[in-house]
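Below is one structure; the comments refer to it alone.
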Amino acid sequence: MDPHSNYFAPVDKRTFDEGMKGSFFGIGAQLKEDDGKIKISSLISGGPAWKSGDLKVEDEIIKVAQGNAEPVDVTGYSVTDAVKIIRGAKKGSEVRLTVRRMDGSVKVISIIRDEIKLDDTFARSAIINGENKIGYIYLPEFYVDFADPNGSKCSEDVAREIEKLKAENVDGIIMDLRGNGGGSLPEVVKMVGLFIEDGPVVVVKGREEKPYQWKDKDKSVLYSGPLTVMVDEFSASASEIFAAAIQDYKRGIVIGSTSTYGKGTVQRNIPLNPESENLLFSNKNVEDLGSVKLTLQKFYRVNGGTTQLKGVIPDIVIPNRMEYLKFREKDNAASLPWDEIAKAEYKPWSSTVSNDVVINFSHNQISNNPRFNKIKESVNWLETYSNKEYPLQLNKYKEDQKLLQAKRKELDELYKLNKEMTVKNIAADTVVINSTKDKTDKNTQWLKRVSNDIYIDETVKVMKNMISQEATARRND
């Protein structure tokens, strides 16, 4: 079987669905592992645990019970496994935690689960000020709440962020899909439609099936200005569909590592439970047996090539410290091969910006940039080091480790900008951001990361070139 066909346990399926919709039913506490013990690291402001006032940071969780059921001893559990049983499938359900306080006392705490929003999962935006005013949108995944038609949808959220940025009169928009592992196929099709006129976005095809085109059928374009898409080796599936469509339509410029992840396959979850109509199991509470996740189709770009294995090769490649690690789809011997089908009919975007001119200019800038050349040199060294033979002499091994740590420290320094960018929130978001200390603190940390990101800084330089070209074309008109 290919790497993505496997068994999906009920609790894993629930976790997957929670991630897709950006919320879960739980107590609102973050856990950590401390010397083999599971402890409370923080409480989410406004969450059930925070509201109860009984659970404290540094409390050690010993046992977990579902209501009045027999408690489960979680000694030796991983944090991930403990989280799975503390979270629940229903709002209003009870979980009882047996905890040991720092003073050694033991207490049983009852908490009623409520819906917890995963704010870090949702789209967010900011403005990068400099010579130009550039909108920045970060999308961690292509989320959707399948169970609630009125639930969160990334395409609608991104559309709202674009509207807010347009109201701020930004000169261009950066769409950051780094680390985005994918998600909903319908959502990525709708999101591409925000930037192009109608047309095919992606083609899916199974074995001995006719190709089926997923199309944007809305002729309207929400944003028509300069656009760049940031990707890396962790950008997979739906992220690759978005980047490939933007690239094939020549709607914008894709920037990132040598290639995206390369997951161009479609999976379907097939439940293992007997059909409910089966008389043997009618009127009985049947245990969920989980499901089998099977790969049934492949994704194909509108240019005919699949995103499988090769991924999307950015228009502009920037050296990346993770490049030497072998974890992409192409590094797995069981992966399905790359292939292609007939090209779809689509109309490339007409623009006053010459993508080729911008790309060539940026290639020259990056190749002559001492910082990126040093990063590339360090990454090549790490790749060689990861394949070397280790000495059995302890002193020699310690010397090697010292050299490795020095190289990693050097890389850390290379990733820091000499001068941080000026990044601020959109005025429309300030009320929500300042509503709780937790939100304010998280926002401050996020803005700090964005302002000191060398890859965003380089993308801003690309945007500057695109904006300059567009301004020149307008003057000539």
- Query: If you line up the long axis of helix 454-476 against the longest principal axis of the chain, both from Cα atoms, how many degrees apart are they, to the nearest 10?
  - Reply: 40
- Query: Can you work out the FRET efficiency for the pair Lys343 and Lys91, with r the C-beta to C-beta distance and R0 = 45 Å, to the nearest 0.05?
  - Reply: 0.40
- Expressed as a fraction of 2.2 N^0.38 Å, the rule-of-thumb size for a compact globular protein of N residues, what is the C-alpha radius of gyration of the chain? 1.08
- Task: For Ser350 paired with Asp412, estimate the spin-label separation in nm (one decimal), with each label point 7 Å from Cα along the Cα-to-Cβ line.
- Result: 5.4
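Listing Lys215, Lys263 from the residue with the fewest other Cβ atoms within 10 Å to the one with the most, what is the order?
Ascending number of Cβ neighbours within 10 Å: Lys215, Lys263.
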- Message: Is there a quick way to get the dipole size of the chain? I mean about its Cα centre, with the Cβ of Lys and Arg at +1 and of Asp and Glu at -1; what is the value in debye to the nearest 20?
- Response: 540
- Quick one: putting +1 on the C-beta of Lys and Arg, -1 on the C-beta of Asp and Glu, what dipole do you get for region 340-406 around its Cα centre, in Debye to the nearest 20? 260
- What distance in nm separates the simple spin-label points at Lys84 and Ala147, each placed 7 Å from Cα in the Cβ direction? 1.8
- Item | Options Gly172, Met191, Val292, ranked by Cα towards positive dipole end of the chain, top entry (Cβ charges) | Gly172
- Query: Using 0.36 nm per residue, how much length does the chain from Ser52 to Ala427 gain when fully extended, once their Cα-Cα distance is taken away?
  - Reply: 131.7 nm
- Note on the structure: Taking alpha-carbon centroids only, region 400-470 lies from region 173-202 a number of Å equal to 23
- Message: Please report the equivalent ellipsoid semi-axes of region 349-477, computed as sqrt(5 x eigenvalue) of the Cα gyration tensor, largest first, in whole Å.
- Response: 39, 27, 10
- Cβ-Cβ FRET estimate between Thr436 and Leu325, R0 fixed at 30 Å, reported to 0.05: 0.20
- Task: Round to the nearest 10 and give me the degree value, 0 to 90, for the angle of helix 10-21's Cα axis relative to the longest principal axis of the chain.
- Result: 40
- Loop only per DSSP, at most 13 neighbouring Cβ atoms within 10 Å: give me the GluC sites (Glu not before Pro) in region 184-241, ordered by residue number. Glu208, Glu209
- Additional length obtainable on full extension of the chain from Gln365 to Ser41, 0.36 nm per residue less Cα span: 112.2 nm
- At Thr444 and Asp12, where each label point lies 7 Å from the Cα along Cα→Cβ, what is the point-to-point distance in nanometres? 4.0
- Mind putting a number on the dipole of region 104-232 about its Cα centre? Charges go on the C-beta only, +1 for Lys and Arg and -1 for Asp and Glu, and I need it in Debye to the nearest 20. 200
- By how many nm would the segment from Leu272 to Ser386 lengthen if fully extended, with 0.36 nm per residue of separation less the alpha-carbon distance? 36.9 nm
- Task: Averaging sequence separations of C-alpha pairs under 8 Å and six or more residues apart, then dividing by the length of the chain, give the relative contact order as a whole percent.
- Result: 14
- Over all directions, average the projected area of the Cα convex hull of region 45-125 and note it in nm². 6.5
- Note on the structure: Taking the chain and counting helices only, DSSP H stretches of n ≥ 4 at -39,500 (n - 2.57) each over all residues, the nearest-500 ellipticity at 222 nm comes to -10000 deg cm²/dmol
- Furthest towards positive pole of dipole, Pro3, Ser354, Ala236, structure part the chain, Cβ charges: Ser354
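Quick note: the coordinates plus some simple rules give every number you see, no bench work behind them. Computed from a predicted model, the values in this text were never measured in an experiment. No Cβ is skipped: glycine too gets one built from the backbone with ideal geometry, and neighbour counts run over all protein chains shown.
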